[in-house]
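This report refers to the structure that appears directly beneath it.
Laboratory data are not the source of any read-out in this text; all were calculated from the coordinates shown. Please read all numbers here as calculations on a predicted model, not as lab measurements. All Cβ positions, even for glycine, are placed from backbone atoms using ideal geometry, and neighbour counts span all protein chains on display.
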Amino acid sequence: MDLPVRRPKREHVTAAVVALMAAVTVFVVATEVFPYHSNNHDEAVYLLQAAMLLEGQLQLHAGELAGAFRPWFFVEDGGRLYPKYAPVPAAMYAVSMALFEEPRVTLAAVAAGNAALVYALGSMAFDRRVGVVAAATFAAAPLSLVTGSVFLPYAPTTLLNLLFAVCYLQGVRRRDSRYAVAAGLSIGLAFFARPYTAVLFAAPFIAHALWSVGRALRQQGLRPLPEPVRRHVLTAVGGLAFVGLTLAYNAYLTGSPLLFPFEAFAPMDGPGFGRRRLLEYSVEYTPELALRANGYVLWYLTTRWFTAGLLGIACALCGLAIAVRRLFGGTDGGPPLSRADGVAVAAFAGLLATVPAGNVAFWGNRNVLATMDDPADGLISLFGPVYHFDLLVPLSIFAAVAVVAGWSRLRELVFDRASPRGARVALAIVLVAGLALAGVANAALVDAPLERNAAYTEKYERAYEPFETAVFDDAVVFLPTPYGEWQNHPFQYLRNEPGFDGPAVYALDREPAEDFAVVDAYPDREYHRYAYRGEWTPEPDRHVVPKLEPLSVREGERLAGETVVGVPDPENVVRAHVELRVDGEATGYSIDDPGERAAVGWSLDESGARLNEAEGSVPVDGAEEVVLTVTLVQPDGSTLTYRQEATVRADDDRVQAIWPPERSVCPLVTQCGSQGTYLPDRPDAHRDGVSFETRLAAA
């Protein structure tokens, strides 16, 4: 006897397709728009943290080289380096790194999981039709698409929060303790990931749990223990288990269970009002400023970062009203919803209050805004109101309620007034037109942040050009520090392995003694210096011209050098002034009528640095920076300065130099930083006649 084949319900299949499409879309955006990661350098923190977890490490041990290796947003403590963020999102990225060697698989899996869980919540609260539309609405939101495509914690934490909500509501509905335990573990893990976010999401469910416990105790007392009390206690125990794990993690890294790593990094960076500070940036975060900033953030969420913008928000408000009417006003004359779950509706409505209200106390919502009245500037223009990511859940579900109820009512009206064939044609036209309208509105919203992020990708693509063809086997690469002494800020694509022992070890180019400390720690590697011509700024249209040059360590009892520079327009150059400077002390001389080229001889030994054509020397004490400048002077006083900065170290009987030196060509000034970086392989980058040759060898 053949058994009947149970086919999956149509809504389940549709929801699976929506989840799959969400995964594919996020993966494509992550790989095509963010191949070098985004302008939010927190991504490097999570990816390095994921690599650490795969090596069984919660912290890095850099010892005396901690300053040269310190990554962005890592705490430095006596040679230890540990991230300010909890390891939960990083652990999720580590899974796909271990299985597929591609962490973007996790981004796709999280996108699919969020869409599937929103479908489950919509189905539980109302019906499967609402669930399908809610999942599609959530997945199509610009905030979900853009923020979910980068290695940030918001979408992964929402996944844990949604898992908690599904398990909690299933536990209430089925009176099943297993779901209660799963709910507790899920929200506990979310707390470990982002404590404040988890508390704001859980608050409406906690309120319901307290109400349920109180009602059960009033009605039944303690003996026997009422089932709701037993179930909610299990949820609380599961959550508190991860709270305990969080405190243990804190104690392991910071030495105190109540001192979170993010507080150790920036003690004034948490929720609250008053003076808030993160590194050098601080602000007096008053309630007035908080309300103003959060008002702008919510406005931008509703107009730019939710599906179809204000059209989607209008649907969400209508859906909330429909759900409330369905619960309290019955169904007579109302929209045809098969049912509405009171607990779920109350919890979703509660999220519309707790998430915005709680975020008022967090100054990060001011920081995502550059100028509060410009939605096309600042981090919010690139990633949206990330701290309100959880609001996508209730907004999507209530918008789906309005769409499903409206469609059902329209269908009834059309079939009452037309033949079945005519009704189907009319409904098909309305459906296509509606989807086209929503699609066009949403595409315009998504396109704007993707274009802005693509501009940063173009900037990074040019900056990392030398690394595309470089092959590192056993190398040390010194990196510039445009934003201070941080690795991965901004060059987060260039990350160290947790043991600082990968094919390429990246070290910050700092003071001479610190650079030599890196050289001493890696004596048998090849050395390189990454530099660029131009100024690195946060603006996407300000590009730099990069170079990656090999370095070597020249050493001997005495080093003899020669620097030869070209003289553009030699007929108008009356003299060249040569200066050799070490730590404030200098020697020099002048060359009259230098001609087309000016050659300068100089040398280094344990007693100091000297010019061949000048009397005396400049002492070199340990590791120093030896600066040689050749300044060409015209009759009107305008100048062109060739500047080389060599990192040298002298001991009792030997001298060492990291070679070649950093070279720059500076019009009108004697020092111009990276703006004048000399590019020997790109003569077109300099004016005609500019050339800069320098040699150094043991004498």
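Descriptive notes on the structure:
- Per principal axis, descending, Cα span of the stretch 465-552 in whole Å: 39, 29, 26
- Relative contact order for the chain, counting Cα pairs under 8 Å that sit 6 or more residues apart, in percent: 12
- Free-standing Cys, the chain [no other Cys Cβ under 4.7 Å]: Cys167, Cys315, Cys318
- Signed unit charges on C-beta, dipole axis of the chain, positive-most listed residue Tyr530, Ser256, Phe138: Phe138
- Across the stretch 631-645, coupling constants 3J(HN,Hα) worked out from phi with the 6.51/-1.76/1.60 Karplus curve, θ = phi - 60°, read 10, 8, 10, 9, x, 7, x, 5, 9, 9, 10, 8, 10, 10, 10 Hz, and Gly and Pro carry x.
- Subtracting the Cα-Cα distance of Ser607 and Val564 from 0.36 nm times their residue separation leaves 13.0 nm of extension gain.
- Charge dipole (debye, nearest 20) of the chain; +1 at Cβ of Lys and Arg, -1 at Cβ of Asp and Glu: 6700
- Theoretical gain in end-to-end length, Cys672 to Ser419 [0.36 nm per residue, Cα-Cα removed]: 83.1 nm
- Nearest-0.05 FRET efficiency for Asp621 and Arg575, computed from C-beta distance (R0 22 Å): 0.10
- Between Val24 and Asp541, the simple label model (points 7 Å from Cα in the Cβ direction) yields a spacing of 3.6 nm.
- Two-site label geometry, Ala376 and Val13: point separation in nm, points 7 Å out along Cα→Cβ: 4.5
- Its DSSP H runs of at least 4 residues, each contributing -39,500 (n - 2.57), put the calculated 222 nm mean residue ellipticity of the chain at -16000 deg cm²/dmol, to the nearest 500.
- The Cβ shell under 13 Å around Ala347 holds other residues with a net charge of -1, Lys and Arg each +1, Asp and Glu each -1.
- All alpha carbon pair distances within the stretch 557-698 were sorted into 5 Å bins beginning at 0; the resulting P(r) in whole percents reads 2, 10, 20, 24, 19, 13, 7, 3, 1, 0.
- Note, ³J(HN,Hα) from phi for the stretch 578-585, Karplus 6.51, -1.76, 1.60, rounded to Hz, x at Gly and Pro: 9, 9, 10, 10, 9, 6, x, 9
- Treating each Cα of the chain as an identical point scatterer and summing with the Debye formula, the log10 of I(q)/I(0) at q = 0.06, 0.10 Å⁻¹ comes to -0.47, -1.00.
- A straight line joining the Cα centroids of the stretch 604-651 and the stretch 462-480 runs 29 Å.
- Under 5 Å between amide hydrogens, built in the peptide plane, is the criterion, and for Asp509 it picks out Leu479 among residues at least 5 positions away or on other chains.
- Note on Leu410/Arg339: beta-carbon distance plugged into 1/(1 + (r/R0)^6) with R0 of 22 Å gives a FRET efficiency of 0.60.
- Bridgeable lysines around Lys547 (alpha carbons under 18 Å apart, same-chain partners fewer than 8 residues away excluded): Lys459.
- Cα shape, the stretch 125-195, gyration tensor, a/c 1.5 rule: oblate
- DSSP bridge pairs, the chain: antiparallel proportion in percent, nearest 5: 90
- Structural descriptor for the stretch 557-698: relative contact order 28 percent, calculated from alpha carbon pairs under 8 angstrom and at least 6 residues apart.
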